[in-house]
Amino acid sequence: MIATATGCWAALHASGEVVWFISQGSLMSSLNIVAKGENLIYVCGIIAAAALAMQVAISQVRHKIRYFRQMHRFFAVVLLLVAAAHWWPFTFFLIPATGVHATSVAIKQFVAQQELPHPATGHTGKALSCATLAATGAIALVWKFRQSYMMSNGAGMWLPFLFPPTALLAGFGAAFGVSFAVIRHGGYQLLPTSPVL
């Protein structure tokens with residue numbers, strides 16, 4: 001349901017763009033990234049639309065695909081990184097999701113490494129908070145470099161499209177490192193599987 005709805009909204013957006021370019025007679029020229037570097041925004045949009053179409057298609061037959069989770073994860077990463085390059089404010093909307101995902105991965109990594117039960121619930125909350133702050137800081141740092149580059153005299157129009165995905169990856173790396181450290185420092189506890197009488 002969510003995948004289908006998302007796909008419908010994306011299709012509406014993409015078809016609206018195509019109709020507008022056709023009406024202006026600039027459909028093919030809008031994809032010329034050699035002559036105009038900022039046209040990468042449209043190329044990234046096409047790639048994001050293709051990745052989303054794959055996600056929607058996979059979601060419709062998920063019960064029949066053996067490696068659904070791996071495929072879904074791969075196309076989700078591609079989609080989010082390319083979508084951030086396509087529309088850079090999306091990077092900031094993804095900060096909370098980056099913190100949550102990094103904390104989830106850190107918990108799984110910690111439990112797998114230590115062969116222990118669940119981490120302490122109190123430290124999981126701290127890890128999530130710290131991860132979100134770390135992601136925010138890392139993304140802000142990359143954005144500072146982006147600002148310096150964009151204000152320089154020789155700034156081109158290709159490199160700016162690399163900053164949003166780089167910021168997200170840096171944010172995830174920082175969030176993972178911080179959340180893993182918090183969880184490791186906090187230790188673990190065995191969560192009860194049955195109610196205490």
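The values are calculated or read from the model by the stated rules, or taken from the named source; none is laboratory data. All values reported here derive from a predicted model rather than from experimental measurement. Every residue, glycine among them, receives a Cβ derived from its backbone with ideal geometry; neighbour counts consider all protein chains shown.
Whether any residue in the stretch 92-109 is farther than 30 Å from Ala155 by Cα and loosely packed, with under 13 Cβ neighbours inside 10 Å is what I want to check. Looking for residues that are farther than 30 Å from Ala155 by Cα and loosely packed, with under 13 Cβ neighbours inside 10 Å, one finds at least one in the stretch 92-109, hence yes. Within the stretch 124-135, can one find any residue that is of a type in the set (D, E, K, R), more than 13 Å from Leu168 (Cα to Cα) and either loosely packed, with under 15 Cβ neighbours inside 10 Å or touching a Cys at 6+ places or on another chain (Cβ under 9 Å) (or both)? No, there is no match, as no residue in the stretch 124-135 is of a type in the set (D, E, K, R), more than 13 Å from Leu168 (Cα to Cα) and either loosely packed, with under 15 Cβ neighbours inside 10 Å or touching a Cys at 6+ places or on another chain (Cβ under 9 Å) (or both). Filtering the stretch 143-160 down to residues that are outside any loop (DSSP other than H, G, I, E, B) and of a type outside the set (S, T, N, Q), which residue is nearest to Ala97 (Cα to Cα)? Here the answer is Trp143. Within the stretch 146-174, can you find the residues that are out of contact with any helix residue (DSSP H, G or I) (no Cβ under 7 Å at 6 or more places or on another chain) and under 16 Å from Phe92 (Cβ atoms)? The answer is Gln147, Leu169. Residue count for the stretch 1-57 satisfying the condition of being touching a Phe, Trp or Tyr at 6+ places or on another chain (Cβ under 7 Å) and either among the aromatic types (Phe, Trp, Tyr) or at pLDDT 85 or above (or both): 5.
Scanning the stretch 63-91 for residues that are at pLDDT below 85 and surrounded by 13 or more Cβ atoms within 10 Å (Cβ to Cβ) returns a single hit, Ile65.
Only helices (runs of 4 or more DSSP H) whose full extent lies in the stretch 35-142 are considered here, and the ones with at least 1 residues that are within 20 Å of Ala14 (Cα to Cα) and without any contact (Cβ under 8 Å) to a residue 60 or more places away in the chain are 40-60, 68-86.
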